[in-house]
Amino acid sequence: MDSLNSCPGLPNLLIDNVAKCSSFLILSLPNCEMARKSPFVIHKAIIGIGGEPKSIKKLRSGDLLIETTSALQSKSFLLAKTFLDFPLTVNPHKSLNSCRGVISEPDLFCLPLKQKSWKDFLTRVLPSPKLPSNIKAGYLNCKVRPYIPNPLRCFKCQRFGHSQTSCRGQLTCSRCASVGHASTDCSLEPKCINCLQPHPSDSKLCPKWKIEKQIQEIKTTQNISYPEARKLIVPQIPQTYAQATRSSTLNNSTQTDENITKINCPPLKLLAPLSSKQRTNIPTTINTSSSAQTQLLPSISSKNLLYRIPSHQLPCLRQKEKLKNNHLNYIVPEKIIK
């Protein structure tokens, strides 16, 4: 059996045992040489070591995270010493190759049940990326439930989702949310930097903390990444009244009927009154309740006929004495003469 003496980051273990439980490996070169090489050259060199892996990802540090397809492929990468004429360091990932489960079994505790509550639990780190449903502890068959970690909070800027080592924000007090000092000697009123409520930023009563806890639960149970879990839980957050009213505001505009706007009305200069003799045969009753739109628009079922409009229905024609013998024919609805 070969040992892992060539890998400085690993203990002195048998390489076959490590390869069986290590499907996620980190490849690193000295002086960040990996970031200076072409992706095509790197991919060709990786295939030359152990074949095509299941996935390859580049980390922020410049190193490569690969997921192998088998234990034999993991062993090939663990035995590699050089990569592109540089000394290669291969280490198993610290968290992706294992999982944490919670075992609630009172028989595993040395203290009697009277001194130990049933709510006590035992957290175990299992050497497998997939959590088993149960494990054997002696003659006991213990059920295993997933371990939901607390939300990751930065101790520098007090925000969620990243750690202090990768933080780009400013130093923020976890008590008063002020920028520029720590919370060790702070005596100001408590204020949360995440939700702006009167409590410290590390309080578990914070609504933002509860949302992040739900994200961690979805991330663990569905075995997905943090950004994917956040996309699933953030749309379910109820909106405030101000956000709902802001998004539902509509632009008020004047609504008009298309049929009315398309009417071609003749100019008033062409209108002329009828003679006095013709006026006597026309009834004087007019339905004043009907609007101008209903007079201009005939119904669909009615037939349009030619009739003469009486002079008293024409607007403001004062020259009827001079134009007594002149008359014009207009198309009007049948309802007017009835």
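When W209 is tested against the conditions (1) closer than 19 Å to Y226 by Cβ; (2) touching an Asp or Glu at 6+ places or on another chain (Cβ under 9 Å); (3) modelled with pLDDT under 90, the lone failure is (3). In the condition set (1) surrounded by 19 or more Cβ atoms within 10 Å (Cβ to Cβ); (2) in contact with a Leu (Cβ under 6 Å, 6 or more places away or on another chain), K57 is compliant with all but (1). Only residues that are buried (at least 16 other Cβ atoms within 10 Å of the Cβ) and either at positive phi or among the aliphatic types (A, V, I, L, M) (or both) were counted across segment 157-213, and they come to 4.
Could you please let me know if R100 is surrounded by 16 or more Cβ atoms within 10 Å (Cβ to Cβ) and either charged (D, E, K, R) or free of Cβ contacts under 8 Å to residues at least 24 places away in the same chain (or both)?
It is true that R100 is surrounded by 16 or more Cβ atoms within 10 Å (Cβ to Cβ) and either charged (D, E, K, R) or free of Cβ contacts under 8 Å to residues at least 24 places away in the same chain (or both).
Among the numbered conditions (1) exposed (fewer than 15 other Cβ atoms within 10 Å of the Cβ); (2) at pLDDT below 90; (3) over 24 Å from C99 (Cβ atoms), the only one that E33 does not meet is (1).
Evaluated against (1) of a type in the set (G, A, S); (2) assigned to a helix (DSSP H, G or I); (3) in contact with a strand residue (DSSP E or B) (Cβ under 8 Å, 6 or more places away or on another chain); (4) more than 18 Å from F86 (Cβ to Cβ), A19 falls short on exactly one condition, (3). Residues that are free of Cβ contacts under 8 Å to residues at least 24 places away in the same chain, over 28 Å from V102 (Cβ atoms), of a type in the set (A, V, I, L, M, F, W, C) and not in a helix (DSSP H, G or I) are absent from segment 219-233 altogether. In segment 129-145, what residues are surrounded by 14 or more Cβ atoms within 10 Å (Cβ to Cβ) and touching a Cys at 6+ places or on another chain (Cβ under 8 Å)? Matches in segment 129-145: P129, L131, I135. Scanning segment 22-66 for residues that are in contact (Cβ under 8 Å) with a residue 24 or more places away in the chain and either polar (S, T, N, Q) or part of a helix (DSSP H, G or I) (or both) yields a total of 14. Among the residues of segment 70-83, those identified as free of Cβ contacts under 8 Å to residues at least 60 places away in the same chain and either under 15 Å from I15 (Cα atoms) or surrounded by 15 or more Cβ atoms within 10 Å (Cβ to Cβ) (or both) are S70, A71, L72, Q73, S74, S76, F77, A80, F83. Taking segment 194-218 as the range and being free of Cβ contacts under 8 Å to residues at least 24 places away in the same chain and either assigned to a loop (DSSP other than H, G, I, E, B) or within 17 Å of the chain's Cα centre (by Cα) (or both) as the test, the residues that pass are C195, L196, Q197, P198, H199, S203, K204, L205, C206, Q214, I218.
So, N251, is that one outside any loop (DSSP other than H, G, I, E, B), at pLDDT below 85 and over 22 Å from the mean Cα position of the chain (by Cα) or not? Taking the combined requirement at face value, the residue does not satisfy it.
The values are calculated or read from the model by the stated rules, or taken from the named source; none is laboratory data. These numbers come from a predicted model, not from an experiment. Positions of Cβ are generated from backbone atoms using ideal geometry, with glycine treated the same way; all protein chains shown enter the neighbour counts.
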